[in-house]
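Below you'll find the structure, written out as structure tokens, and then a few comments.
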Amino acid sequence: MTRLTDGMVKDIIRSLDSANEMLIALTGMDTVELACDAAGITKDMIDLDGIKVGIVPVTSGKGIITKFSESVAEIVRRLGMEASVTQAADVTGLAEALSAGAEIVFMADDVTFMAINTKNGRFSNNSYCTAAGYVSALKGAAGGLDGKEVLVLGAGRVGAIAARMMTGMGAAVTVYDIDEERARALSESIPVKVAADVNAALIVHDLVLNAAPGAIDGRFVKEGAIISSPGIPFPFDGLGIKRAGTIINDPLDIGVAVMAVQCASFSRLRRQDAAHGT
Ligand code: 2YH
């Protein structure tokens, strides 16, 4: 799994407005609408304004990423929530967030990034929410996924969740993983085809969800393809950018926005009937 670095995070806050504009242009949804769609609700089903959110820096493993917590806070503020980063890190930071009345607490170590709803103990996971957000983005950009052929690159956590979601939406999904066994194992639990050659699969697909960490060779991107790509670092070369019709990519924004909305939906739904679980 790719861990964010200081360099990947440093410009996020500055880029949030343009990322939101880009999302509207490419998917027809702004960040809030997309996050609601990914969480299985609509905007009118929830009031996000003023929800108290605490972000707790975590020092374990490779330690604190400069601006990570502040970027999460700013993404969450753009949804209308009231977010602050705790002064203290780790357990003392968690105590600080709870004492300040946070309804949602975000924390990430090198393996798990979660948002906890302190009202009921339910939590949102970044891998699930990133998959859900980028599936919604692909669905928006493609005008629906029912009956469409989609290539998923990577059968790791995000790729497997996205593939499962899209088969549930009626898409015909093909999965490629550099470890073919991993793709085969996935095909035993959900109805997906397995591609043996990444480039042969890429060149024939109009719709791609890229959840693999590797670079994509632009010569094999289908002309006009729509590519939803949470993968970091940015995997496209100049030719790939030119050939693709649409590329949806960001280092943090969509996944965090979906986490915040899904986690809020655990306690704030106006109608308690439509939120997805983790
Ligand atoms: O980037 C990560 C991990 N790859 C988890 C991603 C799960 N999909 N973690 C961020 C670590 C943040 C750090 N501990 C901090 O600044 O608090």
Given only helices, namely DSSP H runs of n ≥ 4 each adding -39500 (n - 2.57), what is the per-residue ellipticity at 222 nm of the chain, to the nearest 500 deg cm²/dmol? -12000 deg cm²/dmol
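In debye, nearest 20, what is the charge dipole magnitude of the chain about its Cα centre with +1 on Lys and Arg Cβ and -1 on Asp and Glu Cβ, if you could check?
Working: 25 positive and 33 negative charges, 49 e Å.
Charge dipole of the chain: 240 debye, to the nearest 20.
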Using only the alpha-carbon atoms, what does the chain span along each of its principal axes? Please give whole angstrom values in decreasing order. 55, 41, 36
A correct Stokes-Einstein calculation for the range 1-134, using the alpha-carbon Kirkwood radius, 10 °C and 1.306 mPa s, returns a whole-number D in µm² s⁻¹ of 102 µm²/s
Cα gyration tensor of the range 160-213 - equivalent ellipsoid semi-axes, whole Å, descending: 16, 14, 10
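With an 8 Å cut-off on Cα pairs and a minimum separation of 6 or more residues, tell me the relative contact order of the chain in percent.
Numbers: 582 pairs, mean separation 61.1, N = 278.
The value is 22 percent.
Hey, got the dipole for the range 1-138? About the Cα centre, +1 on K and R Cβ, -1 on D and E Cβ, debye to the nearest 20?
The dipole of the range 1-138 has a size of about 300 debye.
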Given a Förster distance of 51 Å, the FRET efficiency implied by the Cβ-Cβ spacing of ASP44 and ILE178, rounded to the nearest 0.05, works out to 0.75
Looking only at Cα atoms, what is the convex hull volume of the range 127-232 per residue, in Å³? 84 Å³
Find the lysine pairs in the chain meeting two conditions, Cα atoms under 20 Å apart and a separation of 8 or more places or different chains, and report how many there are. 13
Keeping all protein chains in position, work out how much accessible area ARG164 exposes to a 1.4 Å probe, and write it in Å² to the nearest 10. 130 Å²
Quantify, in whole percent, the carbon and sulfur part of the accessible surface of the range 127-223 (1.4 Å probe; protein heavy atoms only). 54 percent
For the range 197-237, just the Cα atoms, rotate onto the principal axes and tell me the three extents in Å, largest first. 23, 17, 16
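Provide the percentage of antiparallel DSSP beta bridges, counting only those with both residues in the chain; round to the nearest 5. Let's see the in-between values first.
Details: 9 of 35 bridges.
Here the share of antiparallel DSSP bridges comes out near 25 percent.
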Take each of the peptides 180-189, 147-156, average the number of other beta-carbon atoms within 10 Å over its residues, and list them starting from the highest. 147-156, 180-189
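Can you work out the accessible area per residue across the chain, with the rest of the protein chains kept in place, probe 1.4 Å, in square angstrom?
On the way: 12180 Å² over 278 residues.
On a per-residue basis, the chain sits at 44 Å².
With only alpha-carbon atoms in the gyration tensor, what are the semi-axes of the equivalent ellipsoid for the range 33-88, in Å, largest first? If you can, show how the numbers build up before the last one.
Working: eigenvalues 136, 33, 14 Å².
Taking √(5λ) for each eigenvalue gives 26, 13, 8 Å, largest first.
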Within the chain, which complete DSSP H helices have Cα atoms spanning at least 18 Å along the helix axis and a mean Kyte-Doolittle hydropathy of -1.0 or higher? 12-27, 126-142, 253-268
With every protein chain left in place and a probe of 1.4 Å, what is the accessible surface of LYS43, to the nearest 10 Å²? 100 Å²
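Viscosity 1.306 mPa s, temperature 10 °C: give me the Stokes-Einstein translational D for the range 171-278 in µm²/s, with Rh taken as the Kirkwood radius over C-alpha pairs. Write down the numbers at each step before the final one.
Working: Rh = 15.8 Å.
The estimated diffusion coefficient comes to 101 µm²/s.
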Taking amide H positions as placed 1.01 Å from N in the peptide plane, with prolines and chain starts having none, which residues 5 or more places from VAL175, or on another chain, fall under 5 Å of its amide H? VAL152, LYS193, VAL194, ALA195
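Using square roots of five times the C-alpha gyration tensor eigenvalues, list the equivalent-ellipsoid semi-axes of the range 69-140 in whole Å, biggest first.
Values: eigenvalues 108, 38, 29 Å².
Rounded to whole Å, the semi-axes are 23, 14, 12.
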Find how many whole Å separate the alpha carbon centroid of the range 8-81 from the alpha carbon centroid of the range 150-201. 27 Å
For the range 196-202, just list the computed ³J(HN,Hα) in residue order, Karplus coefficients 6.51, -1.76 and 1.60, θ = phi - 60°, integers in Hz, with x standing in for Gly and Pro. 8, 10, 4, 6, 5, 6, 4
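The values are calculated or read from the model by the stated rules, or taken from the named source; none is laboratory data. This is a predicted model, so every value here is computed, not measured. Here the Cβ is made from the backbone with ideal geometry for all residues, glycine too, and neighbour counts use every protein chain on show. With ligands, DNA and RNA removed, areas are computed over all heavy atoms of the protein, side chains included. Shrake-Rupley method; radii C 1.70, N 1.55, O 1.52, S 1.80 Å.
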